[in-house]
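In what follows, a structure is listed as structure tokens, so that the remarks can point back to it.
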Amino acid sequence: AGQKGGDGQAEPVPMLELWRLKNFMPLVACASLFAGCMWVPYIYLPAYQYDALGTPLREGARNVASIGISSTVGRVVIGRVAMQVSSLRCLQVCCLLAGAATILLALLPQLPWLIWVFTVTFGLSAGSTIALLAPLLVELFGLRNLPNAFGFLCAVQAPGVLALPAVCGAVHDLFDSYVPVWMLGGGAWWSRPFSSS
């Protein structure tokens, strides 16, 4: 999309006109929610382990670190996979996995090894979604629109990062349980996979 420049190539779409592009507004609508649900396990996992299992907060912090390590590995691996498969399909699968892992954290028995499985699964899938954003935007809107589109998405993620973890905290206080926290955080992931279908 965009007008032809002097070199015959399409000019980038101005920032304020990005909303006219097909599929851009659904992505924007989900980007803020996605950014918030990304941080829910980072914030609440140590307290959840302490309250539910009596695990020292130090151990919970190690599990948060394992999410970060798995996230780094996921970004590298998904880069190779995305060279063979559509970035959109990869993003859909990763969001579904991250959401399912978070919801299952609420439904499965509260066993330490299951929490470790969660940290690895969530880290691999959630980290991969970050690495897929730029390739997905290029697939959908073209390389010349990447700077404006990526900048716009990053800007609208800020409210979600501030709001959703706070909402989850209020939900925990209301129900005195982490089950609705994980259900809310996991369900938010599933709002994104089909936003650009």
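Would the range 104-115 turn up any residue that is of a type in the set (Phe, Trp, Tyr), more than 19 Å from the chain's Cα centre (by Cα) and open to solvent by 20 Å² or more (accessible area, probe 1.4 Å)?
Within the range 104-115, one or more residues are of a type in the set (Phe, Trp, Tyr), more than 19 Å from the chain's Cα centre (by Cα) and open to solvent by 20 Å² or more (accessible area, probe 1.4 Å).
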Scanning the range 59-114 residue by residue, those farther than 23 Å from Gly187 by Cβ and among the β-branched types (Val, Ile, Thr) turn out to be Ile69, Thr72, Val73, Val76, Val77, Val81, Val85
Here the residues within the range 100-131 that are in contact with a Phe, Trp or Tyr (Cβ under 7 Å, 6 or more places away or on another chain) and within 17 Å of Gly68 (Cα to Cα) are Ala101, Thr102
Notebook entry, point to check: Regarding Leu88, is this residue open to solvent by less than 30 Å² (accessible area, probe 1.4 Å), closer than 16 Å to Leu136 by Cα, touching a residue at least 12 places away in the same chain (Cβ under 8 Å) and of a type in the set (A, V, I, L, M)?
Noted result: yes
Counting only residues that are out of contact with any helix residue (DSSP H, G or I) (no Cβ under 7 Å at 6 or more places or on another chain), within 16 Å of Val117 (Cα to Cα) and open to solvent by 40 Å² or more (accessible area, probe 1.4 Å), the range 39-68 contains a total of 2
Among the residues of the range 138-154, is any open to solvent by 20 Å² or more (accessible area, probe 1.4 Å), of a type outside the set (Lys, Arg) and at pLDDT 90 or above? no
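Pick out the one residue from Ser177, Ser191 that is open to solvent by less than 50 Å² (accessible area, probe 1.4 Å), farther than 24 Å from Met83 by Cβ, in a loop (DSSP other than H, G, I, E, B) and without any contact (Cβ under 8 Å) to a residue 40 or more places away in the chain.
Working: Ser191 fails: without any contact (Cβ under 8 Å) to a residue 40 or more places away in the chain.
Among Ser177, Ser191, only Ser177 is open to solvent by less than 50 Å² (accessible area, probe 1.4 Å), farther than 24 Å from Met83 by Cβ, in a loop (DSSP other than H, G, I, E, B) and without any contact (Cβ under 8 Å) to a residue 40 or more places away in the chain.
The values are calculated or read from the model by the stated rules, or taken from the named source; none is laboratory data. Small disclaimer: the values here were computed from a predicted structure and weren't measured. Cβ: placed from backbone, ideal geometry, glycine included. Neighbour counts: every protein chain shown. The area values use the complete protein model at the heavy-atom level, side chains included, leaving out ligands, DNA and RNA. Shrake-Rupley method; radii C 1.70, N 1.55, O 1.52, S 1.80 Å.
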